[in-house]
Every structure is written in structure tokens, then in C-alpha cells.
Amino acid sequence: MNLNLQNQLKKILNDRFSLSESTRANYARGEDTYDPVLSQAVVFPETNEEVSLILKLCNENKVPVVPFGTGTSLEGHAVGNDKGITISLEKMNKVLVVNTEDFDCRVQACVTREQLNEYLREDGVFFPIDPGANAAIGGMASTSASGTMAVKYGTMKSVITGLTVILPNGDIINTGGRAKKTSAGYNLTNLFIGSEGTLGIITEVQLRLSPIPENIISAVCQFQELENAVKTAQEVIQYGVPIARIEMLNKDQMDISINYSKLEDVKPLPTLFFEFHGDEISNKEQIKIVNELSKNNGGSDFKWADTLEKRNKMWRARWDAWYSVKALINNGRVYTTDICVPISKITECVKFAETEVKKLGLRGPMVGHLGDGNFHVMLPYDPSKKETYEKIKKFNDILIKKSLESDGTITGEHGIGLHKKKYLLEQHADNLPLMKSIKRTIDPNNIMNPGKIFDLN
């Protein structure tokens, strides 16, 4: 980065332009396994216009940029660029407008999921997409996140109706709008959802909201065998029960979570976490069906959480799963991989994953959004032990091959980033030339998060 560009950025941002090594280190990676890469500078814009000026200047000087939200991504999306700058959007964290009568709102990119729902708490509406982390809404859009309530409420693609995006040349565009549907031209909104910061920077998101259910009840059911737990989840979905959440934790993860999250009245066994949203009568009907299906597969009696405090404590254990695994090894790391398969294949694939982990002598705590066929394997390791890391990569290869053979995908919600670039070629070899063509058209100087998703060569 030349001195002239530095001076121009300082003029625009003043003390929101930083060359400090400690600041650069804080924005050098997300929650992934990569070593930090320090960008040459970190900038903190507050408006669309500032982001526009930054990108225009960087594009003119062919300086790479890396967008940064809350840093919760797991596949290397936020790893810095030693030839460029990192653009932190943390100061763009305002809820801009809420229309409760239309069940929609507009937020800046770094409003977090929890922040938004706290803001909406008195309005009778909520934002339903829960990826398990307190992620930024813009980052969730950029990675096409989903999470624990996708079966009932959909994914980010389902709830986003419009975006404000700053293109590499500095142009500010607004896609979509407040209407629930449109047939007006190309669907540019969906083009940028899941683009992982490689086509532009999302600065505002228009969201659909949902009414807060009249009655919310959560429950835990435990099984002796993982296969029976997964089978139960599969049957619940195939039966058509409109359940809000159905999460799986395997035996190893439950053991870890009991200790880390101080869970009570549960055992280290394969476990399903359920949540029912509706009115009292409909929830009773759903619970009866799910309870019967669980018992038919050897499940225990339900343990209930019908107050907000109890529900939050129960779900906190699920939200903290990654941190609980990371805490197993001092200064350790966690290699996390996820796949998503058709619901009819979920039991087979989860069992396969657990078997392969054991064959390789690894530890593989597992969690799953079983309602949509998506599950995650978290593999803790000591970064000084290269042989363990090689085994983990071998397991990832095996699991992804199994997913593709099962008509699944290499990632259900984490995205590609750096980790899964080679697997994208396996899944979408015929699509990649078009993806690269779109990238070259929108970003001819390849300044937007270069090297993520695929390499331009």
C-alpha cells in the first residue's frame, strides 16, 4: 500500500485508520484454523459513502480488501491479506428501521443476531435465523447462513428481500426492496448472498421478521445409540411435524457440554434438543407425536424447559458447543467441517462420520441441524502435532466424498472460504467457469477478498 493511498484513507477516516500491529492482529482471522495474516492496515467506516470511497481508492490502486464483521466464520473468510487492508464494519451497527405491521426491518451489516432480537423484544416480532453464534447480519448474508431453525423459518436467502452493496469500483447499489416478492430483472440479491465478500461489501440488509410465537416449549430426549437419535429426527421431519428446532449432540459432545455448560439432569448420551413454536393446543399435538416417535426408537422421557430462563440455559449449551470443544486443549484449535445431505440419507451419513472418526483415532464431537440434513463434526487438535492434523484432513476428505455420493453438498452453511476450495471443484466443476466470469466482470482487478471461494487463474 503506497503512501499516497495511506494519506487519502487517513484524510477520510482520521483515527479510524490504523496501522497498529495489535489492531491488525485483532482482525487477522476468524474462528478458523489458519494462522493469522495481518493486513497492512485496518479501517473502520461508519457510512455507505465511506465504504464507497475506500473501495474506489483501493480499486484504483489495485489494493486487496478483506471485509470483517464479528469474525465468527469458520472457513477462513476473514483471514487478512498482507498486500491489502481489512475493512471492519463494526461501527456500522445500527437498526435503521422496523416495520412491525409489515414484519420487516432494515439493519446495517454489523448488527448482530442477538442485538437485533433484543431491539425487537417489545415489538412482538423476532429475527429467526440462528446459526449458533452471535454473528453479524451482513456476515450471515455473505455466507448464506442458516442454523438451528431453518426447517420452520428458512435460511438467510429466505428472509432477505433486499441489500445495499458497495461494488469494487465504489458504486452503491440497492437490490430488491421491502416487497415479499419481485420479478423485476435478475435476482441480484441472491447473487450477493453467499458471495463471501468476493463481489462487493454488503452494508445494509432488508429482513423479513416473524411474529413471536404464543407458546414456546423446549425439550431434551436422550438415546443409548446415536443411530436411534438421528432416526427419530429423520422420522419427525418425514412425518411433517412443523417443529422449530431439532438439534443433535452426540455422546462425546454431550459429555463435553455437561462439564463446560454445567448441564444438570442429563447424561453423556446421544441427545436430541427440540423446540416447539405455536399456540398451546398445536404444541401439545406436536409434542405428542414427537414423544411417540422418540419412544419407539428407545428415547427417554422428555425433560422440559418451558420458561425463558430454562430454555436459554439449555440452548446456551448448544451455542457454546464450539467453545466447549476448543477448551479441551490448551492453546488448541478446532477443525470444523459440515455437510448437508437429503433427509433420507442423514442417519447413514452421521453413523458413517462417527465410525470414520474412531477408525482414525480422532476425537469428533458432533452437532447437527438434523431437520434439514445438516451436521457438523468438530475435531480438536494440538497445532504442534502435524500427524493429527493430517488425519483430520483425511477425515474431511472421506466425509465430503460420502456427502457427494449421497447427493449432498460439501457445506450446508459454513461456506467455502479457504478451507473448501478444492472440494468446490469436485461439486461444481461445470459451474466454476461461470462463477469466475461473474467475478471478473464485477471485480476485474480482483481486489475483493481475493483467494476466497476459488482462485482466479
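Worth pointing out:
- Residues within segment 390-424 that are surrounded by fewer than 16 Cβ atoms within 10 Å (Cβ to Cβ) and at positive phi, tallied: 1
- Residue satisfying all of: in segment 356-386; at pLDDT 95 or above and part of a helix (DSSP H, G or I); surrounded by the most Cβ atoms within 10 Å (Cβ to Cβ) among these: VAL357
- Of all residue pairs spaced 6 or more apart or on separate chains, those with beta-carbon atoms under 6 Å, a first member in segment 210-230 that is loosely packed, with under 15 Cβ neighbours inside 10 Å and a second member that is part of a strand (DSSP E or B) and at pLDDT 95 or above are PRO211/VAL125.
- Unmet criterion (only one of (1) out of contact with any Pro (no Cβ under 7 Å at 6 or more places or on another chain); (2) hydrophobic (A, V, I, L, M, F, W, C); (3) part of a loop (DSSP other than H, G, I, E, B)) for ALA145: (1)
- Any hit, segment 192-210, residues being over 23 Å from the mean Cα position of the chain (by Cα) and over 27 Å from LYS91 (Cβ atoms): no
- Filtered residue count, segment 84-123, keeping only those that are out of contact with any Phe, Trp or Tyr (no Cβ under 9 Å at 6 or more places or on another chain), more than 13 Å from LEU209 (Cα to Cα) and not hydrophobic (A, V, I, L, M, F, W, C): 9
- Hits in segment 403-427 (condition: in a loop (DSSP other than H, G, I, E, B), at pLDDT 95 or above and within 19 Å of LYS351 (Cβ to Cβ)): SER406, ASP407, GLY408
- Among residues of segment 275-299, those that are under 31 Å from the mean Cα position of the chain (by Cα) and in a helix (DSSP H, G or I), counted: 9
- Among the residues of this structure, PHE103 does not count as one that is among the aromatic types (Phe, Trp, Tyr), more than 22 Å from PRO131 (Cβ to Cβ) and in contact with a Leu (Cβ under 7 Å, 6 or more places away or on another chain).
The values are calculated or read from the model by the stated rules, or taken from the named source; none is laboratory data. All values derive from a computational prediction rather than experimental measurement. Methodologically, a virtual Cβ is constructed for each residue, glycine included, from the backbone with ideal geometry; neighbour enumeration extends over all protein chains shown.
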